[in-house]
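Here is the structure we will look at.
The values are calculated or read from the model by the stated rules, or taken from the named source; none is laboratory data. No experiment lies behind these values; they were computed from the predicted model shown. In this analysis, Cβ positions are derived from the backbone assuming ideal geometry, glycine residues included, and neighbour counts consider all displayed protein chains. The area values use the complete protein model at the heavy-atom level, side chains included, leaving out ligands, DNA and RNA. Shrake-Rupley method; radii C 1.70, N 1.55, O 1.52, S 1.80 Å.
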Amino acid sequence: MTRNKGKRLNQYLSDYVVFDLETTGVRPEVDQIIEIAALRVREHNIVGKYSTLVNPGMHIPPSATAVNHITDDMVEDEPKIEEVLGGFLEFAGNDVLVGHNIHSFDLNFIIDAAMGVFGRDVRNNYVDTLYMARNCLPKLPHYKLSDVANHFGISAVGAHRALNDCVINQGCYESLGKILIERQKVEPEAICPKCGAEMVKRSGKYGEFYGCSDFPRCRGTRKL
């Protein structure tokens, strides 16, 4: 399934919205959102939050409950996605979204839900701290959010509940951002000169070069 997403950025921003989901499973085509949380950040400080459980209209599998500890009883009287998605999208506005593994997971659920409820895409640009951590911490053995948090001495207590993960990830993003700023002083090629997305190594007719990760929407390049 093709989804229209915003640009995946590799930037350290002062203003953004960090968000996280908990779901009944890993397949957006059949699984459902059971918790949404988000933090609004301005000048690197948390200034607002959004958090709600969601009734998925289906049984929460034991495998999901084992991870996030959310049960059928907890969501029985909670609103359904049709009732809460608008509030989340309004909270996010046009901000850049920050999250861990959102490129492959959370954004897919949100985009599918928005298309199903409102018939619209979610085109916010975003920073995925999974990619950011891989770039900034190349020697880290594993890149789960808890691994990145532990590297920076950030408590991961309460992980796998959406709001707690937002708090943990906001701290990780701020720490990764400081590394990124120093890296970009000596590696300016890491950022696309046209759109600000991450640059990746590519091979072409005349050899290797840096190309925008948002290709083909952006065709920014840099020489090696």
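Would you please state which residues of the range 119-139 a label at H44 would reach in this model, taking the label point 7 Å out along Cα→Cβ and a backbone N cut-off of under 17 Å? Answer for this model: none. For a straight C-alpha distance cut-off of 18 angstrom, the aspartates and glutamates reachable from K80 (same-chain residues fewer than eight places away being disregarded) are D20, E22, E29, D31, E35, D72, E90, D106, D112.
Could you work out how much longer the chain between K80 and R202 gets when fully extended? Use 0.36 nm per residue separation minus the Cα distance between them, nm to one decimal.
39.6 nm
Highest GNM mean-square fluctuation among E43, E198, E22, for the chain modelled with Cα contacts below 10 Å: E43.
Can you give the local net charge around Y131? Use residues other than it whose beta-carbon is closer than 12 angstrom to its beta-carbon, Lys and Arg +1, Asp and Glu -1. Computed value for this residue: 0. Could you give the angle, 0 to 90 degrees to the nearest 10, between helix 107-118's Cα long axis and the longest principal axis of the Cα atoms of the chain? That helix lies at roughly 60 degrees to the long axis.
Across the range 152-163, computed HN-Hα scalar couplings (Karplus, 6.51 cos²θ - 1.76 cosθ + 1.60, θ = phi - 60°) run 8, x, 9, 5, 9, 4, x, 4, 6, 10, 4, 5 Hz from first to last residue, x flagging Gly and Pro.
Rounded to the nearest percent, how much of the accessible area of the chain (1.4 Å probe, protein heavy atoms only) is carbon and sulfur?
50
The charge dipole of the chain, taken about its Cα centre with unit charges on the Cβ of Lys, Arg, Asp and Glu (plus for the first two, minus for the last two), comes to roughly 1620 debye.
Amide H contacts of L9: Y126, V127, D128, each under 5 Å away and 5 or more positions distant or on a separate chain (H built 1.01 Å from N in the peptide plane; Pro and chain starts excluded). Stretching the chain fully between D15 and E187 yields a gain of 59.6 nm (0.36 nm per residue, less the alpha carbon separation).
Pairs exceeding a 32 Å alpha-carbon distance, out of K49/K201; K5/K185; K49/K223; K7/K178; K178/K205; K7/K49: K49/K201; K49/K223; K178/K205.
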